[in-house]
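Here's the structure we're looking at; comments come further down.
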Amino acid sequence: RKEVEQDPGPFNVPEGATVAFNCTYSNSASQSFFWYRQDCRKEPKLLMSVYSSGNEDGRFTAQLNRASQYISLLIRDSKLSDSATYLCVVNGDYKLSFGAGTTVTVRA
Amino acid sequence: EAGVAQSPRYKIIEKRQSVAFWCNPISGHATLYWYQQILGQGPKLLIQFQNNGVVDDSQLPKDRFSAERLKGVDSTLKIQPAKLEDSAVYLCASSFRKAVSYEQYFGPGTRLTVT
């Protein structure tokens with residue numbers, strides 16, 4: 001079983017829509033969780049950390065469910081500029097493990 | 001603030017040849033990482049340095065890959081000899097501290113094609 005698994009998508013959504021996707025992780029002892037964003041042929045950049053109580057950053061909301069071992073990302077009021085691959089990142093055994101990414105395409 | 005610098009940006013070599021990549025982290029960042037990202041996959045950690053010491057190289061194919069960070073600043077990653085399956089983007093990242101809770105800043109990567 002992979003350490004971090006994501007639905008690869010793609011999620012094709014119109015501008016203004018809400019899109020949400022999950023990521024599951026295998027190591028129940030994981031302590032830190034992140035969402036990184038990667039544009040096509042670019043490097044990953046931190047989008048947000050994920051806290052136990054859930055957190056928001058503008059149009060982005062991240063949730064953590066330790067019991068079921070998944071984290072989620074919700075994007076409200078999607079913009080064209082949100083088109084990217086979203087990488088789920090989990091701290092397992094003191095190193096970061098990256099998922100393969102979920103691709104989101106926002107269309108006009 | 002200058003970001004993580006990497007060179008070259010692109011490299012095409014034949015199998016069994018050697019190649020080296022260079023990375024200069026953000027000034028003051030003690031921790032440096034090398035990742036391999038194969039098309040369609042997430043980055044996979046190859047090696048992590050804390051200053052000039054190796055913290056984790058458990059996923060580095062040591063029969064052909066080597067890396068060093070002699071003065072605790074810039075770093076080189078070498079592949080010798082290259083195989084077709086080494087075709088990937090090699091990403092360097094740095095962070096202020098070792099703890100994984102600290103944000104990692106990535107360089108633009110080196111896109112390697114092995115023919």
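The values are calculated or read from the model by the stated rules, or taken from the named source; none is laboratory data. On a predicted model such as this, the values are computed, not experimentally measured, just so you know. With ideal geometry, Cβ positions are generated from the backbone for all residues, glycine too; neighbour counts draw on all protein chains shown. Side chains included, ligands, DNA and RNA excluded: accessible areas come from the protein's heavy atoms. Shrake-Rupley method; radii C 1.70, N 1.55, O 1.52, S 1.80 Å.
With point charges of +1 on the Cβ of Lys and Arg and -1 on the Cβ of Asp and Glu, referenced to the Cα centre of the protein assembly as shown, which listed residue (A:ASN65, B:GLN50, B:GLN17) lies farthest in the positive direction of the dipole? Selected residue: B:GLN17.
Rounded to the nearest whole Hz, the Karplus-based 3J(HN,Hα) values (6.51 cos²θ - 1.76 cosθ + 1.60, θ = phi - 60°) of the range B:70-76 follow the sequence 4, 9, x, 10, 7, 9, 10, with x at glycine and proline. Both chains summed, the buried accessible area for A and B stands near 1400 Å², from protein heavy atoms and a 1.4 Å probe.
Between the residues B:THR31, B:GLN59, B:VAL73, the greatest Cα displacement towards the positive end of the dipole of chain B, with unit charges on the Cβ of Lys, Arg, Asp and Glu, is found for B:GLN59.
Solvent-accessible area assigned to carbon and sulfur over the range A:29-108 amounts to 47 percent, based on a 1.4 Å probe.
Determine, from the Cβ-Cβ distance of A:ARG76 and B:GLN17 and an R0 of 45 Å, the FRET efficiency 1/(1 + (r/R0)^6), rounded to the nearest 0.05.
0.35
Charging the Cβ of each Asp and Glu at -1 and of each Lys and Arg at +1, and nothing else, the dipole of the protein assembly as shown about its Cα centre rounds to 460 debye.
Highest GNM mean-square fluctuation among B:TYR35, B:TYR102, B:TYR90, for chain B modelled with Cα contacts below 10 Å: B:TYR102.
What net charge is computed for the residues neighbouring A:ASP39, neighbours being all others with C-beta under 13 Å from the C-beta of A:ASP39, Lys and Arg scored +1, Asp and Glu -1?
Numbers: positive: A:ARG37, A:ARG41, A:LYS42, A:LYS45; negative: A:GLU43, A:ASP82.
Net local charge, A:ASP39 excluded: +2.
Here the Gaussian network model covers chain A, with springs between Cα atoms less than 10 Å apart; of A:VAL50, A:VAL13, A:VAL90, A:VAL13 fluctuates the most. When the solvent-accessible area of chain B is split by element, carbon and sulfur atoms take up 50 percent of it, the probe being 1.4 Å. The alpha carbon convex hull volume per residue for the protein assembly as shown rounds to 128 Å³. Heavy-atom accessible surface of the protein assembly as shown, averaged per residue, reaches 50 Å², computed with a 1.4 Å probe. According to the Kirkwood relation over distinct C-alpha pairs, the hydrodynamic radius of chain A is 13.8 Å.
Cysteine residues of the protein assembly as shown whose C-beta has no other cysteine C-beta under 4.7 angstrom: A:CYS40.
In order along the range B:37-52, the Karplus-derived 3J(HN,Hα) couplings, from 6.51 cos²θ - 1.76 cosθ + 1.60 at θ = phi - 60°, round to 10, 7, 3, x, 10, x, x, 10, 5, 9, 7, 10, 10, 10, 6, 9 Hz, and Gly and Pro are given as x.
Round to the nearest 0.05 the FRET efficiency obtained for B:GLN41 and A:SER53 when R0 = 35 Å and r is the Cβ-Cβ distance. In this case the efficiency is close to 0.65. Ordered from largest to smallest accessible area (heavy atoms of protein chains, 1.4 Å probe), the residues A:THR85, B:THR110 come out as A:THR85, B:THR110. Amide H contacts for A:GLY92 (H built 1.01 Å from N in the peptide plane; partners 5 or more residues away or on another chain; cut-off under 5 Å): A:SER97. Each Lys and Arg contributes +1 and each Asp and Glu -1, all at the Cβ; summed about the Cα centre of the range B:2-115, the dipole is approximately 160 debye. Legend: translational diffusion of the range B:46-115 by Stokes-Einstein, Rh = Kirkwood radius over C-alpha pairs, 20 °C, 1.002 mPa s; D = 162 µm²/s. Each residue of the range B:6-17 was assigned a 3J(HN,Hα) from its phi angle through the Karplus curve 6.51 cos²θ - 1.76 cosθ + 1.60 (θ = phi - 60°); the sequence is 9, 8, x, 7, 9, 8, 10, 9, 8, 4, 6, 7 Hz, with glycine and proline shown as x. Contact order for the range A:3-104, expressed relative to its length and based on alpha carbon pairs under 8 Å spaced 6+ residues apart, stands at 38 percent.
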